[in-house]
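Notes to accompany the following structure.
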Amino acid sequence: MPVELKGQIETITYANEESGFTIARVKVGGQKDQITIVGNLMALAPGEVLKLQGEWTTHPKFGRQFKVEQYQIEVPATVEGIRKYLGSGYIKGLGPVMAQRIVQQFGKKTLEIIENQTEKLAEVEGVGHKRLAMIKQAWQEQKEIRHVMLFLQSHGVGSGWAVKIFRQYGNNSIAIVKENPYRLASDIFGIGFIIADRIAGQLGFARNSDVRAAAGVLYVLNKLAEEGHVYYPYEPLIEKSGEILQVEREIITKALSSITVEGKIIMEDLNEDLEEFKKNHKAVYLKKLHTSETGIAVRFQKLISASRTVCRVDTDQAIAWVQQQLDITLDVQQAEAVGSSLENKVMVITGGPGTGKTTIINAVLKIFSRKEVRIMLAAPTGRAAKRLSEAVGREARTIHRLLEFSYKQGGFQRHESRLLECDLLIIDEASMIDTLLMHQLLKAIPAGATFILVGDVNQLPSVGPGNVLNDIIAAKAVPVVKLSKIFRQARSSQIVVNAHRINNGVLPQYDPSLPENDFYFIAQEDPEQVLKTITELVQHRIPRRFGFDPVEDIQVLTPMHKGVVGTVNLNRELQKTLNPREDGVVRGESVYRVHDKVMQIKNNYDKEVFNGDIGKIIRICPEEKEIIVVFDHRKVVYEFADLDEIILAYAISVHKSQGSEYTAVIIPVLTQHYLLLQRNLIYTAITRGRKLVVIVGTRKALAMAVKNDKTQKRYTYLKYRLRL
C-alpha cells in the first residue's frame, strides 16, 4: 500500500525542467523535522501544499527520502505559506520583499485578491500601474501554463517546454498539440521531432501515419541542413528517413510526394553524373534552400553582366598613385587583386593570415574614395565587422544590419525593391556566408555595383547550409586572386607561419626558446590530464606569464561537444574554476551565474543577437525571472524560459569560433577526436589566436588532422549553376 502524506513545500533543492525530476524539502504536519521528497514533480513553488502518495526509501548518500508516485497541488492555506509562494519568483513581478508587503496587507485573503480583485494590490506600497499589470498578466499566464505543464507531464514531456509552447500558441496550446503534435518540431526551438514524436505516440498517433512520415522527412532534411547540406540525394534521404521513422519505404515515398505538392520541398532532377546519384538524379531540397541556391546563380549572373556605375580608370596609373598615397609597395599578387577590383564587377580575394588582405582592401578603398563613390563594408558577424572597421578606419556592419533586418517589420528591409545605396560593396570573412544569407545579400545589391568578396577559403565552411565561397571559386565564374606570400612582419609570428604549414599539409613547428614565441605545443595523452592542464593554463599559467585575463582574453576551442575535453565538460570544469559562485539559475544540466561567459546559439532577430555572439551575464533577476547578458556593450534580456538559446562559452566548438579572433586560444587535440580531425578544422582554430596559441594533446592526433585534407562533403549544386 502506498503511503499518503500532506505537507507544505519549504525549499526546492533541485529541479530539472526538461525531465521534471525534483528534490524538495517539505514540512509535514505532526512531524518535527522537514522531510526530503524526490520524483517527477512539475513546476512546484515554495509555499504550495502537496497531497502525496509514494513510499519511503533510503538513499546510500542522502539518507531517508520519500519517493513520490502521485501528487496533487493545493494552494497555500497559511499566511506564511502564501508569503513563501508569492516570494519564490513563481509570479513575475513579485519578489520576497513585495510578497511580504502584500501578505501583510491582505493576509489569508491574498490569493483571492490576486485572483478576483487584482486592482486592490495598488493599495500596497510600491505596486504601481506597471507592476500591477505585470502581476495580473503573470498570474493568468501561470494558471494557463500550469494547465499545459500538467497536460505535457501526463504525456511524458518536461515542464521546461510548457512556457515556450504557451508563448507560441496561447490558450490554444493543448488543442493544437492534440491536433498535430508534430507542429512543435518546426514551430518551437529545441523541441525537435523526437520529443514531438513521443507526445504523438502518447496521444495515439499511429507509427505509420502520413502526418508522422511527413514530419519525419522534414525533420531529417532540416537536420541535414544543420550539417551543411543544401540538398540531399533522393535514395540516401529515404534511407536516413527510414532509420528514424522505422516504417516501410512506400510510406516515406508517399510522404515525399505529399510535401512536394504542399510546396514544402522541391525535387529536382539534376541530370549530373555525380557519385551521389547512383540510382536516380533526384535532389531533394527544402523549399527555402532551393529558392536561395537558384536565386544566387541568377543574381550573380545579372550582377556580372550589368554595366558598372563607377567610371573606368587607368589601372596602372591608379596602382602607382595608391602606393604613393599609402606609402606602400604592393607585391605582384596584391597589385593583381587591386587591378582586378578596378576592372571587374565581381571578384574574390582569398588568402591566409599575413598575406596582405587588409592592405588590398585599404588600397581599393583609397582609389574608389577618390572617385567619390558610395562605399559599404560588411562581414557576417559582429566581431568580424568590428575587426574590419578597426583595420581600415571606416564603418563596417554585419550583413544583417547592412540589410536592415527588422523583427517587427518581418525580415530584411533591403531587397530587390529597396536596394542598398552603394557603388562598391566589400564583404570580409566571406567563407562564413551560407546559402540563405548570400541570397538575401545579392537581392539587395544594385546591378551596377562592384562586389568584392574577401575571405580565407581554407577555413571551415559556413555554420549554415552550403559552401558558397568555395563554390564561387570552383565555378570559375568570376576572377579569383589567391594570396600565398606571407609578408615579413607576419613571418615573425609562429601562429601565422604554422597556419600556413598546416594548410600545406606540414606539421607545425615551435621553438619555446624564442623570446617572442606565440605558439606552444604541450604533449599530453590522458584526457583527464589534458583537462587539468587546460584548467591550469586558463587560471594561472597564461595570466601569470602573459598578463591575459582568463575570461576576457583566453578562449578554449575544441573539436567536440562530448567527452572529457568536449565543450560540455570543459565548460562545467572551467566554470567551477573561474566563477565558483553558489547562486545561479539551473537549466537542464547547466547552471548560469552572474559573470559567466555565454554564447548565443541561434539567430534571435527580435533580440538582435546571432548564432556565435559571445557575452557575459551581468545580472540575474529571480523576481522578473530574467537574466541580463551584455554583448559588445549592449544589454539583452532573457527570460528563464529562453535560456536554451545560450550556452556557457569558456570553451566553444571550433565551428562556433569562425569570424572571431581571441587574444589567446587553447586547443585540445586527441586521437579520441579522430572523426573530426581535419586540416581545415585545425587551421581554423589556430588562425583564431591573435597573440597566443597553445595546443594540448598528442603529436599523433595533430598529425592525423594535418594529413587529413578530406573535408566533409556538403551537397550543394551552386558551382554547377554558376557555370551555366
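No lab work stands behind these numbers, since they all come straight from the coordinates. Because the structure is predicted, anything quoted here is derived from the model rather than measured. Because the Cβ atoms are built from the backbone with ideal geometry, glycine has one as well, and the counts that use them run over all protein chains shown.
Scan region 301-407 for GluC sites (Glu not before Pro) in coil per DSSP, keeping those whose Cβ has at most 12 other Cβ atoms within 10 Å, and list them by number. Working shown, then result.
Numbers: sites: 336, 343, 372, 390, 395, 404; in loops: 372, 395, 404.
Qualifying residues, ordered by number: 372, 395.
With +1 assigned to the C-beta of every Lys and Arg and -1 to the C-beta of every Asp and Glu, and no other charges, what is the dipole magnitude of the chain about the Cα centre in debye, to the nearest 20?
Values: 95 positive and 82 negative charges, 105 e Å.
Dipole magnitude for the chain comes out near 500 debye.
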With Cα atoms, 0 to 90° folded angle of helix 357-370 axis to the chain main axis:
70
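Can you tell me how much longer the chain between residue 147 and residue 572 gets when fully stretched, taken as 0.36 nm per residue apart minus their C-alpha distance, in nm with one decimal?
Between residue 147 and residue 572, full extension yields 149.6 nm more.
About the Cα centre of region 586-724, how large is the charge dipole given +1 on each Lys and Arg Cβ and -1 on each Asp and Glu Cβ? Please answer in debye to the nearest 20.
Numbers: 24 positive and 15 negative charges, 242 e Å.
Once rounded to the nearest 20, the dipole reads 1160 debye.
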Cα-projected label distance for residue 562 with residue 269, points at 7 Å along beta-carbon direction, nm:
4.2
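Output the peptides 535-546, 441-452 sorted from most to least packed, where packing is the average of other Cβ atoms within 10 Å over each peptide's residues. Write out the running numbers ahead of the final one.
Working: 535-546: 16.0, 441-452: 20.8.
Packing order, densest peptide first, comes out as 441-452, 535-546.
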Karplus-derived 3J(HN,Hα), 6.51/-1.76/1.60, for each residue of region 497-504, Hz, glycine and proline x:
4, 6, 4, 6, 4, 4, 4, 8
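Under the classification rounded if a/c is under 1.5, otherwise prolate if a/b is larger than b/c and oblate if not, where does region 189-304 fall, given a ≥ b ≥ c as square roots of the Cα gyration tensor eigenvalues?
Numbers: a/c = 2.39, a/b = 1.71, b/c = 1.40.
It comes out prolate by the Cα gyration axes.
According to the square roots a ≥ b ≥ c of the eigenvalues of the Cα gyration tensor, what is the shape class of region 411-471, taking rounded for a/c under 1.5, prolate for a/b larger than b/c otherwise, and oblate for the remainder?
Working: a/c = 2.88, a/b = 1.58, b/c = 1.82.
Since a/c reaches 1.5 but b/c is at least a/b, the shape of region 411-471 is classed as oblate.
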In degrees, nearest 10, range 0 to 90: what is the angle between the Cα axis of helix 287-305 and the longest Cα principal axis of the chain?
30
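I need the peptides 193-202, 120-129, 625-634 ranked by packing, meaning the mean over residues of other C-beta atoms within 10 angstrom, with the highest value on top.
Details: 193-202: 19.0, 120-129: 13.1, 625-634: 16.6.
Output ranking for 193-202, 120-129, 625-634: 193-202, 625-634, 120-129.
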By the Cα gyration tensor axes a ≥ b ≥ c (a/c under 1.5 gives rounded; else a/b larger than b/c gives prolate, otherwise oblate), the shape of region 355-462 is oblate
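Could you tell me how many cubic angstrom of Cα convex hull volume region 239-351 has per residue? Before the final figure, lay out the partial values.
On the way: hull volume 22.3 nm³, N = 113.
Output value, Cα hull per residue: 198 Å³.
Treating only the Cβ of Lys, Arg, Asp and Glu as charged (+1, +1, -1, -1), what charge dipole size does region 247-342 show about its Cα centre? Round to the nearest 20 debye. Walk me through the numbers on the way to the answer.
Values: 12 positive and 15 negative charges, 130 e Å.
So the dipole magnitude of region 247-342 works out to roughly 620 debye.
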Between Rg and the Kirkwood Rh of region 568-724, both from Cα atoms, what is the Rg to Rh ratio?
1.04
quick shape note, the chain: Cα extents on principal axes in Å, largest first -> 94, 64, 54
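Per residue and in Å³, how big is the convex hull formed by the alpha-carbon atoms of region 631-697?
Working: hull volume 7.7 nm³, N = 67.
So the per-residue hull volume is 115 Å³.
Need one number: % antiparallel among DSSP beta bridges in the chain, to the nearest 5. Intermediate results must be reported in sequence, preceding the final value.
Details: 62 of 101 bridges.
Once the DSSP bridges in the chain are tallied, antiparallel ones form about 60 percent.
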May I ask you to derive the relative contact order of the chain, considering only C-alpha pairs under 8 Å and at least 6 residues apart, and to give it as an integer percent?
11
Solution diffusion estimate, µm²/s, Stokes-Einstein, region 34-104, Kirkwood Rh from C-alpha pairs, 37 °C, viscosity 0.692 mPa s:
243
Here, region 379-531 modelled as identical Cα point scatterers in vacuum has Debye log10 I(q)/I(0) at q = 0.21 Å⁻¹ of -1.43
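For region 465-605, what's the relative contact order in percent, using C-alpha pairs closer than 8 Å and at least 6 residues apart? Kindly include the intermediate steps, with their values, before the conclusion.
Numbers: 81 pairs, mean separation 15.6, N = 141.
It comes to 11 percent, rounded to a whole number.
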Which angle from 0 to 90°, rounded to the nearest 10, does the C-alpha axis of helix 129-153 make with the longest principal axis of the chain?
90
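Go through 254/710; 240/719; 108/635; 408/597; 607/713; 485/602 and tell me which ones have a Cα-Cα distance over 32 Å in this structure.
Numbers: 254/710 36 Å; 240/719 26 Å; 108/635 40 Å; 408/597 29 Å; 607/713 34 Å; 485/602 37 Å.
Checking Cα-Cα distances, 254/710; 108/635; 607/713; 485/602 exceed 32 Å.
Show me the trypsin sites (Lys or Arg not before Pro) within region 292-342 that DSSP assigns to loop and that have at most 13 other Cβ atoms within 10 Å of their Cβ. List each step's numbers first, then the result.
On the way: sites: 299, 302, 308, 312; in loops: 308, 312.
Taking region 292-342 and a limit of 13 other Cβ atoms within 10 Å, the loop trypsin sites (Lys or Arg not before Pro) found are 312.
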Once amide H atoms are placed 1.01 Å from N in the peptide plane, what residues at a sequence separation of 5 or more from residue 596, or on another chain, have their amide H within under 5 Å of its amide H?
617
